[in-house]
Amino acid sequence: MLEIKGLEVKLEDEDKQILKGVDLTIEAGKVHAIMGPNGSGKSTLSYVLSGKDGYEVTGGSADLEGEDLLDMEPEERAAAGLFLAFQYPVEIPGVGNMTFLRTAVNAQRKARGEDELSAGEFLKVVREKAKDLKIDADMLKRPVNVGFSGGEKKRNEILQMAMLEPKMCILDETDSGLDVDAMKLVAEGVNALRSEGRSFLVITHYQRLLDHIKPDVVHIMANGRIVKTGGPELALEVENNGYADILSEVA
Amino acid sequence: MALAELKLAATQSRLNSMVMPDGLNIQRADALDRVVTMGLSDRRDEYWKYTNPSSLTQPEPVPAALFHNDEGPLFTDVDRVKIVFVDGVFDPDASDDLSCEGVEIARLSDVTDGWASELYGTLEVNGQTPVARPLAALNTAFATDGVAIRVTGKAAKPINLIYLHKDVVSDAILHHVIRVDEGAEMTLLETGPAAARFNKVLEVDIADNGKFHHVAAQGRDHERRAVTHCFARIAKESVFKSFTLTVNGVLTRNECILDIVGDDAVAHVAGACVGDGRDFHHDDTVFITHDGLNGESRQVFKKVLRNGATGVFQGKILVKEGAQKTDGYQISQSLLLDGDSQFLAKPELEIYADDVACSHGSTSGAIDEDALFYLQSRGVPANIATDLLTLSFLAEALSEIDNDDLAEELRDRLESWLSRRS
């Protein structure tokens, strides 16, 4: 599904190398987790894959189902099936959540040469999916993320994911700022989307999210590289011993 | 020639080309005296520092190409009384019967005496101090027509003044007077470009506990020019709310002069403007005077500017001595879609009472990169994302319109205009 080879990235504004050769392959239907200390490059990886400005790729490649992601505009990557759940979802006053969702869904359908959904069809689907995530009609009507609590914002991210039905989902610290109940709700939303044709990359600091979204593979990232890869037990090791042991081991 | 002589010569040259209509002769003669005394505005006037008035004051209007409107008129779903002016000339065939429960409507050209003749020019005169507004006095002297509306109860329908532009060199001068009686209420809609050059004055006198709602859309003709003045006297516990949408037009100067003269009165004025190109110049000039207790005023102006367009905002709140507990709010913001466009803002507060809350703010900014990326990451192409964020920017001004249906219709129009461009 996603194949990253030797990816090297630096910040455009300053001469600072963030990613120093990331290799990562995620097969279809699998859930991979990336853990790592602050500043290891986890969020940068998610931004570079989704096409945010401000980063310069200095080497390597990233393909989604054989297509070169790095050559596409952010919206083309989305239409190709990539989705990033933001760590800090952006507030957009004056644009209704529903309008935003419908614009996004139809823009992607159009880009893929599919018919746009009618207002009625769209409403039916969105109501159904919103219900599962305990998103009420009021939240759908309100401007995008404006006045939403931390938990509501993250649930709204998962609703977008559910509506857009991407192939490759990246969750950037989706657990940050969530209490235990909110985290469970979000994890249930994600788990409901797990399928053979859909892969996940879950970026997190903590093991606890991985109790709810069970990964197939866990990677440890440090200093711009993936330094260790293992099964779910690797996340437990981090939880118990911190990163220091692993980092000294691979140093 | 000295500057004063230059101004006098320019004023005479303009006046020479004009013919004073018959009727309201005393008011017109007085107004003409004011014009001659003040002299017409020119670039050297402090009040016209950011906007060049020469095309508004020169003898002949600059021709303005007609605009083919392919989307039908606004507010067709609103049950309203239509009053149509074509290039400033009343069109009885296109207009509805001028009767409506709660209001008495007459044409200005039929006014000979009574409340309308007493009001005509009165608020304009009051609005000449402390700042001279010669183009408004010129209007009072030479207005060819307009409407006189007496609101005696709750108006059964909105009154829609529809201004059509069909002559490339038309030069329209219209003057409307509105008197809202005690406890009465009306909504005035104004739509369309009116003429190649349009000079409009609206005088609104609101008695105690009266309500006046105003929504205007100035039409999309690219080359039209307009100077408008709205003078309002707002009495005890009464409400004045005005919103203007401006899209296109090479030159627009909208002046709003509001006098809160009674206690517990409310005055809101708002505007949204979308301008494209080096030729686009849009100026909102507002002067709100608080002379009552517990007065509330709001000014909310948003401008979207691109390709070298210019936006101007001059907004003043004057709180007179004794106007305690005044709550004045003013915000003017521009969204600059490129580095060539500019926004010039002059917010002013002048306060002589010691127990008031007045705030003002002005910002200029570009499209928020984070929001743009957020939308793009959901698959929304950059141009559509920019339109959405532009609407998002204008939303605060549109939300100043009390009537949700009217606001929604203007929002939908804006959305389709923006998407058509991109």
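The values are calculated or read from the model by the stated rules, or taken from the named source; none is laboratory data. This structure is a prediction, so every number in the text was calculated from the model and none was measured. Virtual Cβ from ideal backbone geometry, glycine too; neighbours counted across all protein chains shown. When the accessible area is computed, the model is the full protein with side chains, heavy atoms only, and any ligands, DNA or RNA have been set aside. Shrake-Rupley method; radii C 1.70, N 1.55, O 1.52, S 1.80 Å.
Around B:HIS229, under 14 Å between beta carbons, what's the net of Lys plus Arg minus Asp minus Glu among the other residues? Don't skip to the answer; put the middle values down first.
Working: positive: B:ARG34, B:ARG133, B:LYS200, B:ARG233, B:ARG253; negative: B:GLU124, B:GLU190, B:GLU203, B:GLU255, B:ASP259, B:ASP283, B:ASP284.
Around B:HIS229, the surrounding residues sum to -2.
Could you give the accessible area per residue of the stretch A:96-186, probe 1.4 Å, as a whole number in Å²?
45
How much of the accessible area of chain B, in percent, comes from carbon and sulfur atoms when a 1.4 Å probe is used? Before the final figure, lay out the partial values.
On the way: 7660 of 15890 Å².
So the carbon and sulfur contribution to the accessible surface is 48 percent.
Can you give the average number of partner chain beta-carbon atoms within 10 Å of each beta-carbon in peptide B:387-399, as a whole number?
3
How large is ³J(HN,Hα), in whole Hz, for each residue of the stretch A:123-139 in order, when computed from phi with the Karplus curve 6.51 cos²θ - 1.76 cosθ + 1.60 and θ = phi - 60°, using x for Gly and Pro?
4, 4, 5, 5, 5, 4, 6, 5, 4, 4, 9, 6, 9, 8, 4, 5, 5
Summing +1 for each Lys or Arg and -1 for each Asp or Glu, what net charge is found among the other residues whose Cβ lies under 11 Å from the Cβ of A:ILE203?
-2
Quote the relative contact order of the stretch B:197-345 in percent (integer), defining contacts as alpha-carbon pairs under 8 Å separated by 6+ residues.
19
Summing Lys, Arg as +1 and Asp, Glu as -1, what charge do residues with Cβ under 11 Å from the Cβ of B:LYS302 carry, B:LYS302 excluded?
Computed value for this residue: -2.
Per-residue mean of other chain beta-carbon atoms within 10 angstrom of the beta-carbon, peptide B:366-376?
Across B:366-376, the average partner-chain Cβ count within 10 Å equals 6.
Please report, in whole Å, how far the alpha carbons of the stretch B:346-402 spread along each principal axis, starting with the longest.
54, 26, 18
In the stretch A:1-46, which GluC sites (Glu not before Pro) are in a loop and have at most 10 other Cβ atoms within 10 Å, using DSSP for the loop call?
When the GluC sites (Glu not before Pro) of the stretch A:1-46 are filtered for loop state and at most 10 Cβ neighbours within 10 Å, A:GLU14 remain.
With a/c under 1.5 counting as rounded, go ahead and sort the stretch B:50-134 into rounded, prolate or oblate using the C-alpha gyration tensor (a ≥ b ≥ c being the square roots of the eigenvalues; past the cut-off, prolate if a/b is larger than b/c, else oblate).
Judged from the Cα gyration tensor, the stretch B:50-134 comes out oblate (a/c at least 1.5, b/c at or above a/b).
In whole Hz and in residue order, list the ³J(HN,Hα) couplings for the stretch A:22-33 that follow from phi through the Karplus curve 6.51 cos²θ - 1.76 cosθ + 1.60, θ = phi - 60°; x for Gly and Pro.
These are the phi-based 3J(HN,Hα) values: 9, 10, 7, 10, 10, 7, 4, x, 9, 10, 10, 10 Hz.
Could you state the accessible area per residue of the stretch B:171-270 in Å², with a 1.4 Å probe and every protein chain left in place?
I get 20 Å² per residue for this part.
Just to check I understand the Karplus step: with θ = phi - 60° and J = 6.51 cos²θ - 1.76 cosθ + 1.60, what whole-Hz values come out for the stretch B:233-243, glycine and proline as x?
The phi angles translate into 10, 10, 8, 3, 6, 9, 10, 10, 9, 9, 9 Hz.
If you average the C-alpha positions of the stretch A:20-62 and of the stretch B:162-208 separately, how far apart do those two centres end up, in angstrom?
Cα centroid of the stretch A:20-62 versus Cα centroid of the stretch B:162-208: 60 Å apart.
Return the inverse of the average 1/r over all pairs of distinct C-alpha atoms in chain B, which is the Kirkwood hydrodynamic radius, in Å to one decimal.
21.8
In the stretch A:161-251, which GluC sites (Glu not before Pro) fall in coil by DSSP and have 12 or fewer other Cβ atoms within 10 Å?
Within the stretch A:161-251, the qualifying GluC sites (Glu not before Pro) (loop, at most 12 other Cβ atoms within 10 Å) are A:GLU196.
Let me spell out the model: positive unit charges on the Cβ of Lys and Arg, negative unit charges on the Cβ of Asp and Glu, origin at the Cα centre of the stretch A:143-205. What dipole size does that give, in debye rounded to 20?
Dipole about the Cα centre, nearest 20: 160 debye.
Round to a whole number: what % of the accessible area of the stretch A:39-191 belongs to carbon and sulfur, probe 1.4 Å? It would help to have the intermediate numbers written out before the result.
On the way: 2900 of 6390 Å².
Heavy-atom surface of the stretch A:39-191 belonging to carbon and sulfur, 1.4 Å probe: 45 percent.
Here are some pairs, A:LYS10/A:LYS167; A:LYS110/A:LYS184; B:LYS154/B:LYS346; A:LYS124/A:LYS214; A:LYS153/A:LYS214; B:LYS82/B:LYS236; which of them have Cα atoms lying more than 32 Å apart in this structure?
On the way: A:LYS10/A:LYS167 27 Å; A:LYS110/A:LYS184 34 Å; B:LYS154/B:LYS346 38 Å; A:LYS124/A:LYS214 30 Å; A:LYS153/A:LYS214 22 Å; B:LYS82/B:LYS236 30 Å.
Flagged as over cut-off: A:LYS110/A:LYS184; B:LYS154/B:LYS346.
Probe of 1.4 angstrom, ligands and nucleic acids ignored: what's the accessible area per residue over the stretch A:14-71, in square angstrom?
Here the residues of the stretch A:14-71 average 43 Å² of exposed surface.
Tell me: how much accessible area in total is hidden between B and A, 1.4 Å probe, Å², nearest 100?
Values: alone 16900 and 11940 Å², together 26970 Å².
Buried area between the two chains comes out at roughly 1900 Å².
At a threshold of 8 angstrom on Cα-Cα distance, excluding pairs fewer than six apart, so keeping six or more, what relative contact order does the stretch A:186-251 reach in percent?
Result for the stretch A:186-251 is 26 percent.
Do any GluC sites (Glu not before Pro) in the stretch B:295-362 lie in a DSSP loop with no more than 10 other beta carbon atoms within 10 Å, and if so, which? Mind showing how you got there, number by number?
Values: sites: B:GLU296, B:GLU321, B:GLU348, B:GLU350; in loops: B:GLU321.
Sparse-neighbourhood loop GluC sites (Glu not before Pro): B:GLU321.
Let me know the mean shielding of A:42-52 by other chains, meaning the per-residue number of their Cβ atoms within 10 Å of its Cβ.
The mean count of partner-chain Cβ atoms within 10 Å per residue comes to 1.
Note down the relative contact order for chain B as a percent, whole number, built from C-alpha pairs under 8 angstrom at least six residues apart. Walk me through the intermediate numbers first.
Values: 1103 pairs, mean separation 43.1, N = 422.
RCO, chain B: 10 percent.
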